[in-house]
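Colleague: Dumping the structure here so I can ask a few things about it.
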Amino acid sequence: MTCLAVAALYQFRRVGDPVALQMAVQRRAAEAGLRGTLILAQEGINGTIAGVPEAVRGFVADLQRGIGPGPGFDALNLKWSAAETWPFGRLKIKVKREIVTLAAPEADPARRVGTYVKPADWNALLAEPDIVLIDTRNRFEVARGSFPGAIDPGTERFSEFPAFVDSQLNPATNRRVAMFCTGGIRCEKASALLLARGFGEVFHLEGGILAYLEQVPPDQQIWQGSCFVFDERETLGPEALGPNSVE
């Protein structure tokens, strides 16, 4: 079977009518023969799709330009990987209240987020002595791999993260906080939460673990273990990622 392209994508951007956009995106993705899940909300788009490389690239390009009545997602955070078999059984385009559920209205990434840290600069940031490093993922994801010294919030779902912040962190003493997640979306939204609650310097890994494993040479990586992904592949390592992985 031809190697399949897998695109994980998200962007925080105001969407006026997610339901109308849902119908247009559903139609275009079905025409392209794609499988996977995309979530639409008034705050943006999030999800992962798979298909024949040319079809996925064409769909992503249309999404960036604008499909149907919706805005163009011209600043998509986009991660490519490859799969030898279908990682998803079918296509699902959903409309929800949030593209990633935090249940904290004060966290508004469209208004304010923390400082993006490029994967190439991540190791240097973590080497600084005053950095508090937090893994914003769920406990079962953390168990499969993480960065050394990262705090595990012990959450079952992302919506529990605000309670962890309230009980375990203090903006007066935790002055410099760095966070990471799988593809960047959770730590980006978490950075908006911390800023809204008075934390001074908040950093997050741009593109998440997937970008780090893709862009940082293996002999320079400090990541330990594998990275859990929410499809039938379950975990990814550096061998599944990279700019040529979907050719």
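The values are calculated or read from the model by the stated rules, or taken from the named source; none is laboratory data. These figures come from a predicted structure and were not determined experimentally. Glycine gets a Cβ as well: all are built from the backbone with ideal geometry, and neighbour counts include every protein chain shown.
Colleague: Would you be able to tell me the number of residues in segment 31-90 that are among the aromatic types (Phe, Trp, Tyr) and assigned to a helix (DSSP H, G or I)?
Modeller: Count: 1.
Colleague: Could you please find all residues in segment 151-165 being small (Gly, Ala, Ser) and either buried (at least 19 other Cβ atoms within 10 Å of the Cβ) or within 17 Å of the chain's Cα centre (by Cα) (or both)?
Modeller: SER159
Colleague: May I ask you to verify whether PRO109 is at pLDDT below 95 and in contact with a helix residue (DSSP H, G or I) (Cβ under 8 Å, 6 or more places away or on another chain)?
Modeller: The answer is yes for PRO109.
Colleague: Does ALA5 fit the bill of being surrounded by fewer than 22 Cβ atoms within 10 Å (Cβ to Cβ) and at pLDDT 95 or above?
Modeller: No, not satisfied.
Colleague: On to the next question. Residue by residue through segment 84-135, note down the ones that are without any contact (Cβ under 8 Å) to a residue 40 or more places away in the chain and at positive phi.
Modeller: Hits for segment 84-135: nothing passes.
Colleague: What about ASP74, is it of a type in the set (D, E, K, R), within 30 Å of GLU54 (Cβ to Cβ) and touching a helix residue (DSSP H, G or I) at 6+ places or on another chain (Cβ under 8 Å)?
Modeller: Yes; evaluated as a whole, the condition is true for this residue.
Colleague: Give the residue that is surrounded by the most Cβ atoms within 10 Å (Cβ to Cβ), with candidates limited to residues of segment 97-147 that are closer than 22 Å to PHE199 by Cα and of a type in the set (Ser, Thr, Tyr).
Modeller: Taking the candidates together, the pick is THR136.
Colleague: Is one or more of the residues making up segment 45-54 touching a helix residue (DSSP H, G or I) at 6+ places or on another chain (Cβ under 7 Å), modelled with pLDDT of 95 or more and within 30 Å of GLU106 (Cβ to Cβ)?
Modeller: Checking segment 45-54: at least one residue is touching a helix residue (DSSP H, G or I) at 6+ places or on another chain (Cβ under 7 Å), modelled with pLDDT of 95 or more and within 30 Å of GLU106 (Cβ to Cβ).
Colleague: Then there is this: Mind counting the residues in segment 174-228 that are in a strand (DSSP E or B) and more than 13 Å from the chain's Cα centre (by Cα)?
Modeller: Here the count works out to 8.
Colleague: Going by what's in this entry, would THR85 be described as over 30 Å from GLY200 (Cβ atoms), modelled with pLDDT under 95 and crowded, with 21+ Cβ neighbours inside 10 Å?
Modeller: Criteria not met by THR85.
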